[in-house]
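Here's the structure we're looking at; comments come further down.
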Amino acid sequence: MAFDSFADFFAMGGYGFYVWLSYGLTFLALGILIVNSITKKNKILKNVEQRLAREQRIKKAKDMEGTL
Amino acid sequence: MWKWLHPYAKPEKSYQLAGKLLPWFVVATVITFVVGLVWGLLFAPADYQQGDSFRIIYIHVPAAMMAMAAYSTMAIAAFIALVWQIRLAEMNIAAIAPVGAVFTFIALVTGAAWGKPMWGAWWVWDARLTSELILLFVYLGIIALYNAFSDKVLAGRAASILTLVGVINLPIIHYSVVWWNTLHQGATLMKFDKPSMAPEMLWPLIIMIIGFATFLGALSLLRFRNEILARESHRPWVSALVTEKLEGGK
């Protein structure tokens, strides 16, 4: 282990600010990318779902027209 | 001999294959990130010149390398898309570009946070940094161009052409530290010689490079599947997928 204590680890030999800034921004960027990629799929599926529901409603309405 | 590849030109088959591969890439990414980061941050010895600030290397170098690897992959896909008109190759470009852009952003930001304590400046207009910034702009250009057309056939072709034009930047980035006088240090790994780095520092770096590679793979697969779904959303197989999911949820 390169560090003696937790405080030592956070200090990073005096470079703590720069090291943790780098790691923080990296994981923030990666996190945003992951969330964006996952929510995008749900959005696409939702759109398809809505279109299918609309098509069904239209079909139903058309069938009703015939019976009247 | 290569006929088994043919079905994968069908978007539905590719979607399923990507879904099968995805979990493996996710698992590999989690393992390599945990091992690489713990090793690099806790166990690797401090650098005799740069102290603990050198630990930024474990994200800076992998991000920069994989940003270029991602671009190379996109360039191959662009060539395939333009020559053989394979739509999946265009979707591949659209899927990878945002991941590559994020990696390039990470390389630039971590580089700045490393440059400040070592060089005394967040940013200098030197060949390596400037060519890397251009890579970010090229990535953003490709993403913007692809999204600018509602006709995705046109969008795919335009993005493919821009991707191929941008390839000129890759050798410039790689050799920038050789061709010009620059503050940025020369190659440590990618050269025809033994890596100039102590093994106890090098191993975590190699693990993190693999980790960023599998992360790139995982996110590319995820976004590739999204791209297929979006472009095929009017096809029966996507409708079947959605109704199946709805019925399964009830």
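Here is how the numbers come out for the structure above:
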item: The stretch B:1-56-the stretch A:1-53 distance, computed between alpha-carbon centres (Å); result: 15 Å
item: Equivalent ellipsoid, the stretch B:173-250 (semi-axes from 5 times Cα gyration tensor eigenvalues, Å); result: 47, 17, 8
item: In Å, descending, principal axis extents of the Cα set of chain A; result: 84, 17, 13
item: Phi to ³J(HN,Hα) by Karplus 6.51 cos²θ - 1.76 cosθ + 1.60 over the stretch B:4-12, Hz, x for Gly, Pro; result: 4, 6, 3, x, 6, 6, 7, x, 4
item: ³J(HN,Hα) computed for each position of the stretch B:85-100 - Karplus, 6.51 cos²θ - 1.76 cosθ + 1.60, integer Hz, glycine/proline x; result: 6, 8, 5, 4, 5, 5, 4, 4, 4, 4, 6, 7, 3, x, 5, x
item: Per-residue ³J(HN,Hα) for the stretch A:23-34, Karplus 6.51 cos²θ - 1.76 cosθ + 1.60, θ = phi - 60°, Hz, x for Gly and Pro; result: 5, x, 5, 4, 6, 5, 5, 5, x, 4, 4, 5
item: Cα-derived Rg over Rh, computed across the protein assembly as shown with Rh taken as Kirkwood radius; result: 1.06
item: Unit charges at the beta carbon, dipole of the protein assembly as shown: most positive-side option, B:Pro199, B:Ala94, B:Trp179; result: B:Ala94
item: All-pairs Cα distance distribution in chain B, expressed in whole percent, bin size 10 Å; result: 7, 26, 31, 22, 11, 3, 0
item: With Cα atoms, 0 to 90° folded angle of helix B:57-84 axis to chain B main axis; result: 40 degrees
item: Label-point separation in nm, B:Ala187 to B:Ala9, each point 7 Å along Cα→Cβ; result: 3.6 nm
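Since every read-out is calculated from the coordinates, none of them should be taken as a lab result. Just so we're clear, the structure is a prediction, and the values are computed from it rather than from any experiment. Please note: Cβ atoms are built from the backbone with ideal geometry, for glycine as well, and neighbour counts cover all protein chains shown.
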